[in-house]
Amino acid sequence: MSSVHETHLLAEGITAAKAGQRATARDFLTQVIALNARNELAWLWMSAIVDTPEQRRDCLVRVLLINPSNEAAQRGIAALEVQTKPAPMPEPTPPISMAASSNGRLIQCPFCHSDTDSSKLDCQVCGENTILTCPSCDSTINLWETTRCPCGEGLRHYIFFPDGIDHEGLGQRYALMERWEPAARQWDRALKDGSHVVMLHRKLAQAYDKIGRNQEAEFHRQVAQS
């Protein structure tokens, strides 16, 4: 499809959204995203017509993955932080099975289903993060037990059982809270997965600059420019 067709669909979607025709707007914007998943404006307008705060946050995070400087998306996520403070409640999680072991600490990884040490930060088999820190309050979130922090922060829309974690999106969430070390950790894992390589090197350069790891920041900067 040509970029002209993409532009036409986007214009139709925006017009429908402004007119309050949500279903029509969603149809046009979905077609735009299918043609170009990195269409920043399509994701931004999609955030205005989805049904739930979680869906809105997901759209805004995708905007920021494309353009971390998008002020409208930054304001939107900040507004969500103020408006949505859900009471703590358990969320559905995959079945947990405790394996037989001498120390009683082996448990089934929710991603690869291998028996691994539940006290470790990563699964020893697939390497996936299973214990994360909350972007909002820095509390520990054990993915074997829940995806929601007692403070109300939910990570469910970054977690895909059994496929793994959206490391790039979760890194952006940490970065929005200016928590650069966990952001760098998530982006480094996303880089190992091989997605958005140049952009991730730029993000890692920014994160390492923020935490004073200048040599690593310079390395990623040079790689991004090469």
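The values are calculated or read from the model by the stated rules, or taken from the named source; none is laboratory data. Given the structure is predicted, the values throughout are model-derived calculations rather than measurements. We place every Cβ from the backbone using ideal geometry, glycine too, and count neighbours over all the protein chains shown. For the accessible areas, the whole protein counts, side chains as well, though only heavy atoms, and no ligand, DNA or RNA atoms are used. Shrake-Rupley method; radii C 1.70, N 1.55, O 1.52, S 1.80 Å.
Things to note:
- The simple spin-label model puts a point 7 Å past each Cα toward its Cβ; for I131 and E81 those points are separated by 2.6 nm.
- Pairwise centroid distance, computed over Cα atoms, of the stretch 20-60 with the stretch 101-172, Å: 29 Å
- The packing ranking of peptides 136-145, 177-186, highest mean first, is 177-186, 136-145, where packing means the average number of other beta carbon atoms within 10 angstrom of each residue.
- Cβ-derived FRET efficiency at R0 22 Å, V198 paired with N36, nearest 0.05: 0.80
- Taking label positions 7 Å along the Cα-Cβ direction at both S69 and D122, the computed distance is 3.3 nm, reported to one decimal.
- Carbon/sulfur fraction of accessible area - the stretch 1-78, other protein chains in place, 1.4 Å, %: 53 percent
- Taking a ≥ b ≥ c as the square roots of the Cα gyration tensor eigenvalues, the stretch 119-202 comes out oblate, since a/c reaches at least 1.5 and a/b does not exceed b/c.
- Projected area averaged over orientations for the chain, convex hull of C-alpha atoms, nm²: 14.7 nm²
- ³J(HN,Hα) computed for each position of the stretch 4-13 - Karplus, 6.51 cos²θ - 1.76 cosθ + 1.60, integer Hz, glycine/proline x: 4, 5, 4, 5, 4, 4, 4, 4, 5, x
- The chain: relative contact order as a whole-number percent, Cα under 8 Å and 6+ apart: 10 percent
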